[in-house]
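**Q** Below: one structure in structure tokens.
None of the figures in this text is laboratory data; all of them are computed from the coordinates on show. This is a predicted model, so every value here is computed, not measured. Positions of Cβ are generated from backbone atoms using ideal geometry, with glycine treated the same way; all protein chains shown enter the neighbour counts.
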Amino acid sequence: MSFVGLYTGLSGIRAGQAGLDTASNNIANANTPGYTRQRVEFSAAHSFNSPYGPVGTGVTVEDVARLRDGFLDARYRSSVGDGAAAQVRSEFLTSMERLSGEPELGLSSKIGELWAAMEDWSNDPAADASRRSVLNELGTVAETFRGTAAAWDQLGADTEGQLNVVLGEVNDLLTTLHEDFNVQLANADMDRVGPGLLDQRDQLLDRLSELTGATVSYNEDNTVTVELDGQALLDHPAGPAEVTVAPEADGDTPAVRIEPPGGGGAQTVAASGELEGLRRAVHEDLPAWRDQLDGLATTLMTAINEQNAAGAVANGARGDALLEGDGAGDIRLVSNDIGVLAAGALQLDEVTGEPAIDPDDPDGARLTPPTHDGTNARAFADLRTAQLLRPGEDEGGATATFETQLSEQIVGLAGAVRSSESTTEAARGVATGATLARASQHGVSIDEEMVDLVRFQRALEANARVMTTVDQTLDVLVNRVGIVGR
Amino acid sequence: MRVTSEVLVTRSLDRLNTRLKAYERSQSELATGKKILKPSDDPGGANRSMSVRAAMRARNQELRNINDAMGWLNNADSQLQSAMSRTQRARDLTVDGATLKDPGAQRAIATELRAIADELVGIANTTHIGRPLFGGYSDGDAVTPAVDADGDPVLDDDGRPVLAFDPPADQADQVLRRISDTEQIRINTTAAEWLGADDDAGDLVSFLRGLADDIEAGDQEAATAGLTVLDRAADRIGANLADIGSATNRVESAKARADDSLFALRTELSNIEDVDVAEGIMELQIQEVGYQATLQALSKALPPSLGSFLR
């Protein structure tokens with residue numbers, strides 16, 4: 001009989017305390033974002049050779065392990081970027097569609113009103129009211145173009161601001177990961193580095209993947225290497241690269257570019273994540289749809305102005321341009337005077353090709369169209385079904401009615417929204433799966449911890465009993481032995 | 001798979017969100033009565049609904065054009081009918097003028113012929129909603145005494161005032177109305193056309209005035225010769241009436257077509273856009289029950305843990 005038993009009990013009590021502490025810490029952090037559950041790892045203490053054979057000397061607390069699965073992290077990080085990119089882009093396109101006001105408040109209904117006003121005008125070409133209503137509707141259509149263009153431009157500007165915020169966040173994250181983690185952790189004794197710091201680093205890396213789609217590898221020297229499309233974003237000891245969104249050459253679409261830490265020329269990379277979603281929305285989607293809108297505005301402007309020039313105003317002259325401006329952003333009425341609408345047929349001089357001069361008029365005034373001549377007004381109304389040259393086409397190129405061109409744009413945008421939504425849905429499914437798998441592995445299960453609490457409490461109690469038992473035995477040996485005959 | 005509290009929360013929120021989204025969608029569909037609230041809800045349907053709407057707008061406009069055209073045509077028809085009966089009366093009078101030798105009767109015939117001529121001028125200058133009915137594109141009277149550059153009346157060889165037509169005989173102004181995407185029909189005739197401004201014997205009004213003078217002067221041969229001119233005039237008015245009548249027929253059948261097509265388009269639009277209310281209510285009920293069930297399940301599943309049962 002020796003005192004070993006006391007120490008065996010002590011080691012058990014210490015192990016039980018470590019177990020209780022870890023379980024309490026797990027429970028306390030059950031809802032802490034990014035927390036990785038911990039587990040105390042025990043091993044049996046070495047034994048000594050008693051005369052009867054080896055006898056164990058209790059338990060050793062080996063380690064408080066952080067139950068992190070690098071494979072699940074990698075799976076999460078590779079899926080979260082695509083999901084975020086699709087989500088951001090889909091939100092942008094949905095906003096664009098909402099701002100276009102279709103189908104109730106957008107161009108499609110305003111254009112319909114315009115054709116109706118023109119037809120009424122052709123039925124009663126001399127009436128001021130019908131002329132006024134044509135100009136009003138034309139003004140409304142121009143205003144709707146301008147309104148949609150302005151709303152889209154504003155959305156683009158806002159989103160570009162968001163893109164810059166994200167860029168700033170990405171570069172800040174890289175700097176933080178370099179200065180506060182890679183530099184500090186390089187070759188440090190990991191036993192002295194708390195698991196909390198690693199959780200914090202993993203959270204920053206998660207965020208970086210969500211923003212850019214970057215992948216992470218963990219190095220032997222405790223540092224991390226972050227790569228995007230094969231280009232290093234962060235390496236030790238080189239340091240963080242700088243991420244920019246800029247065109248590769250003048251006139252190119254801005255792309256995500258990585259400037260390596262030592263300089264040496266930026267590389268264009270295929271990113272994903274919020275950064276890519278925003279970049280694609282601002283620099284690819286918006287300009288494309290905006291060009292289409294400009295094209296529509298120009299088509300309408302050309303058709304209306306040409307038609308007005310083909311007719312005669314009250315004094316016999318050619319009609320002036322009704323709309324002016326450069327694209328959808330600033331299309332507007334030239335004049336708000338109802339006299340500028342050319343309702344009548346133009347009478348041309350056969351020789352000069354200019355509006356003919358009245359041979360009977362002493363002052364050499366032009367031949368004027370009769371008051372109720374609505375020939376050109378009718379041609380205006382017929383623009384509804386006229387085949388107009390598509391934007392960017394040369395004379396003789398592809399044509400379609402204005403309504404077809406407009407509905408192609410509306411339906412095209414709707415289709416883009418639709419497909420971006422289903423991409424988001426699919427990417428979200430994958431990302432949710434990865435998130436759940438990780439949460440299931442890294443998260444705290446209250447029930448498990450409860451069981452642990454009970455388990456360690458009991459272990460503690462049992463070990464205390466061990467000590468009491470040894471103590472009582474010793475008591476018998478020390479105090480009760482050898483008192484025979486006292 | 002370990003079910004940790006994070007898993008429970010993440011998954012519950014995800015399901016709740018999905019349920020709520022579906023519930024909200026059926027609610028707004030039912031509240032607005034529309035399946036397509038924005039084009040991306042159904043791009044193909046939105047495309048069809050836009051073209052159907054455009055077609056409906058066009059048909060509605062055609063119906064307006066047709067109503068307007070009917071007004072013109074009916075007015076022109078009744079005016080030409082009375083011009084026709086006046087012309088026939090003039091012919092009857094001329095037959096009398098060619099036979100009666102009593103100067104009193106001849107004078108009475110002449111007076112009535114002049115009255116008929118004036119009446120025809122009146123008919124030719126009728127207006128329809130502020131516009132001259134037989135004046136083509138012009139404003140003002142279709143038939144006026146001609147004046148020269150100095151404003152003096154122009155007289156013919158017999159010293160009678162010459163009439164000016166606006167528009168002139170060689171310019172048949174076409175007042176058109178669109179009655180379908182491809183059809184435009186003429187709804188007018190000009191005074192020069194139905195009064196025969198380019199007739200060898202002169203226009204009907206001037207001719208009647210001349211005839212009245214001849215009959216008053218007892219020139220029965222001129223009266224007899226005038227009968228063929230009057231027959232020609234009646235034929236001309238008849239032809240114009242027939243034009244107006246056939247235009248009326250086309251407009252009426254176009255109206256029937258536009259009405260039919262509008263009805264079909266409305267049905268089609270409703271099929272594309274509108275929610276079947278019974279189905280919508282069922283759907284909403286299902287979503288509501290689903291949402292409530294999810295909530296129930298959550299409230300049952302989330303709170304208890306082993307902690308509640310251990311002492």
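**Q** Using label points projected 7 Å from each Cα along Cα→Cβ, tell me how many nm separate A:Phe3 and B:Gln296, to one decimal.
**A** Placing both labels 7 Å along Cα→Cβ, they lie 6.7 nm apart.
**Q** Which of the GluC sites (Glu not before Pro) found in the stretch A:149-258 are loop residues per DSSP with 16 or fewer other Cβ atoms within 10 Å of their Cβ? Show your work: numbers first, answer last.
**A** Working: sites: A:Glu160, A:Glu169, A:Glu179, A:Glu210, A:Glu220, A:Glu227, A:Glu242, A:Glu248; in loops: A:Glu220, A:Glu248.
Those that pass, being in a loop and sparsely packed, are A:Glu220, A:Glu248.
**Q** Turning to a different aspect of this structure: For an R0 of 56 angstrom, estimate the FRET efficiency from the Cβ-Cβ distance between B:Thr182 and A:Asp191 and round to the nearest 0.05. Please report the intermediate quantities before stating the final value.
**A** Working: r = 89 Å, r/R0 = 1.58.
The calculated FRET efficiency here is 0.05.
**Q** While we're on this one: Cα convex hull of the stretch B:31-138: how many Å³ per residue?
**A** It is 155 Å³ per residue.
**Q** In addition: Using +1 at the C-beta of Lys and Arg and -1 at the C-beta of Asp and Glu, which of B:Gly290, B:Pro103, B:Thr87 has the Cα lying farthest in the positive direction of the dipole of chain B?
**A** Farthest along the dipole direction, towards plus: B:Gly290.
**Q** With a sphere of radius 15 Å drawn around the Cβ of A:Val183, what net charge do the other residues whose Cβ falls strictly inside it have (Lys, Arg +1; Asp, Glu -1)?
**A** On the way: positive: A:Arg201; negative: A:Glu179, A:Asp180, A:Asp221, A:Asp235.
Charge balance near A:Val183 sits at -3.
**Q** Also: A:Ser130: net charge of surrounding residues, Cβ under 9 Å, Lys/Arg +1, Asp/Glu -1, itself excluded? Before the final figure, lay out each step's value.
**A** Numbers: positive: A:Arg131, A:Arg132; negative: A:Asp120, A:Asp124, A:Asp128.
Around A:Ser130, the surrounding residues sum to -1.
**Q** Once R0 is set to 60 Å, what does the formula 1/(1 + (r/R0)^6) return for the Cβ-Cβ distance between A:Asp252 and B:Phe263, expressed as a FRET efficiency to the nearest 0.05?
**A** Details: r = 55 Å, r/R0 = 0.92.
After rounding to 0.05, the efficiency reads 0.65.
**Q** Which is the longest part of chain A that has none of the chymotrypsin sites (Phe, Trp or Tyr not before Pro) sitting in a DSSP loop with at most 15 other Cβ atoms within 10 Å? Mind dumping the intermediate values first?
**A** Working: sites that count: A:Phe3, A:Tyr52.
Result, exposed sites excluded: A:53-486.
**Q** Within a 10 angstrom radius of the beta carbon, how do A:Ile357, A:Ile27 rank from fewest other beta carbons to most?
**A** Values: A:Ile357 16, A:Ile27 19.
Going from least to most buried by this count: A:Ile357, A:Ile27.
**Q** Using only the alpha carbons of the stretch B:210-250, what is the convex hull's orientation-averaged projected area in square nanometres? List each step's numbers first, then the result.
**A** Working: hull surface 12.1 nm².
Spelled out: convex hull of the Cα atoms, projected over all directions, averaged, 3.0 nm².
**Q** Using alpha carbons only, how many degrees (0 to 90, rounded to 10) separate the axis of helix B:220-273 from the longest principal axis of chain B?
**A** The angle comes out at about 0 degrees.
**Q** State, as an integer percentage, the relative contact order of chain A based on alpha-carbon contacts under 8 Å between residues 6 or more apart. Before the final figure, lay out each step's value.
**A** Working: 770 pairs, mean separation 109.3, N = 486.
Worked out over chain A, it gives 22 percent.
**Q** Residue farthest toward the positive end of the dipole of the protein assembly as shown, with Cβ of Lys/Arg at +1 and Asp/Glu at -1: which of A:Leu138, A:Ala288, B:Gly44?
**A** Selected residue: B:Gly44.
**Q** If you don't mind, there's one more thing I want to ask. If R0 is 25 Å, what FRET efficiency do you get for A:Glu113 and B:Asn74 from their C-beta distance, rounded to 0.05?
**A** On the way: r = 29 Å, r/R0 = 1.17.
E(calc), rounded to 0.05, equals 0.30.
**Q** While we're on this one: Quick one: what does P(r) look like for the stretch A:275-351 with 10 Å bins over all Cα pairs, in whole %?
**A** 19, 33, 22, 14, 8, 4, 0
**Q** Can you compute the modelled spin-label distance between B:Arg2 and A:His46, with each label point 7 Å from Cα toward Cβ, in nm?
**A** The two pseudo-label positions are separated by 3.3 nm.
**Q** Using Cβ contacts closer than 10 Å as the measure, can you line up A:Asp361, B:Asp77 from fewest to most?
**A** On the way: A:Asp361 11, B:Asp77 15.
The most exposed by this proxy come first: A:Asp361, B:Asp77.
**Q** Right, something else. Run the numbers on chain B and let me know its relative contact order in percent, using alpha-carbon pairs under 8 Å that are six or more apart.
**A** Working: 371 pairs, mean separation 89.5, N = 311.
Dividing the mean separation by the residue count of chain B yields 29 percent.
**Q** Report, to the nearest 10°, how far helix B:204-216 tilts away from the longest principal axis of the Cα atoms in chain B, using its own Cα long axis and a range of 0 to 90°.
**A** Roughly 20 degrees, rounded to the nearest 10.
**Q** What net charge do the residues around A:Ala312 carry, taking every other residue with its C-beta under 9 Å from that of A:Ala312, with Lys and Arg at +1 and Asp and Glu at -1?
**A** Values: positive: A:Arg318, A:Arg366; negative: A:Asp373.
Here the count lands on +1.
**Q** If a/c stays under 1.5 just call it rounded; otherwise compare a/b with b/c (prolate if a/b is bigger, oblate if not). Do that for the stretch B:143-265, with a ≥ b ≥ c from the square roots of the Cα gyration tensor eigenvalues.
**A** Here the stretch B:143-265 falls in the oblate category.
**Q** Quick one: if you take sqrt(5λ) for each eigenvalue of the C-alpha gyration tensor of chain A, what semi-axes come out, biggest first, whole angstrom? Mind dumping the intermediate values first?
**A** On the way: eigenvalues 1438, 104, 39 Å².
After diagonalising the Cα gyration tensor, the semi-axes are 85, 23, 14 Å.
**Q** Roughly speaking, what is the stretch gain from A:Val165 to A:Gln17, that is 0.36 nm per residue apart minus the C-alpha to C-alpha distance, in nm to one decimal? Spell out each step's value before the answer.
**A** On the way: separation 148, 0.36 × 148 = 53.28 nm, distance 4.70 nm.
That pair, A:Val165 and A:Gln17, stretches by 48.6 nm at full extension.
**Q** So what's the angle, to the nearest 10 degrees on a 0 to 90 scale, between helix A:195-212 and the longest Cα principal axis of chain A?
**A** Once rounded, one gets 20 degrees.
**Q** Run the helix sum for chain A: -39,500 (n - 2.57) per DSSP H stretch of 4+ residues, divided by residue count, reported at 222 nm to the nearest 500 deg cm²/dmol. Don't skip to the end; give the middle numbers.
**A** On the way: 10 runs with 251 residues, N = 486.
Calculated at 222 nm, the ellipticity per residue is -18500 deg cm²/dmol.
**Q** Roughly how many nanometres apart are two label points built 7 Å out from the Cα toward the Cβ at A:Asp360 and A:Asp153?
**A** 5.3
**Q** Mind checking the stretch A:59-150 for GluC sites (Glu not before Pro) that DSSP puts in a loop (not H, G, I, E or B) and that have at most 11 other Cβ atoms within 10 Å? Show your work: numbers first, answer last.
**A** Numbers: sites: A:Glu62, A:Glu91, A:Glu97, A:Glu104, A:Glu113, A:Glu119, A:Glu137, A:Glu143; in loops: A:Glu104.
Passing sites in the stretch A:59-150 are A:Glu104.
**Q** To continue, here is another question. In a Debye calculation with equal point scatterers on the alpha-carbon sites of the stretch A:81-218 and no solvent, what is log10 I(q)/I(0) at q = 0.15, 0.18 Å⁻¹?
**A** Log-scaled intensity ratios, in q order: -0.86, -1.01.
**Q** Sort A:Asp235, B:Asp157, A:Asp158 by Cβ crowding within 10 Å, fewest neighbours at the top.
**A** Details: A:Asp235 20, B:Asp157 5, A:Asp158 13.
Neighbour counts put them in this order, fewest first: B:Asp157, A:Asp158, A:Asp235.
**Q** So, in Å, what gap is there between the alpha-carbon centers of the stretch A:394-432 and the stretch A:74-150?
**A** Computed from Cα coordinates, the inter-centre distance equals 15 Å.
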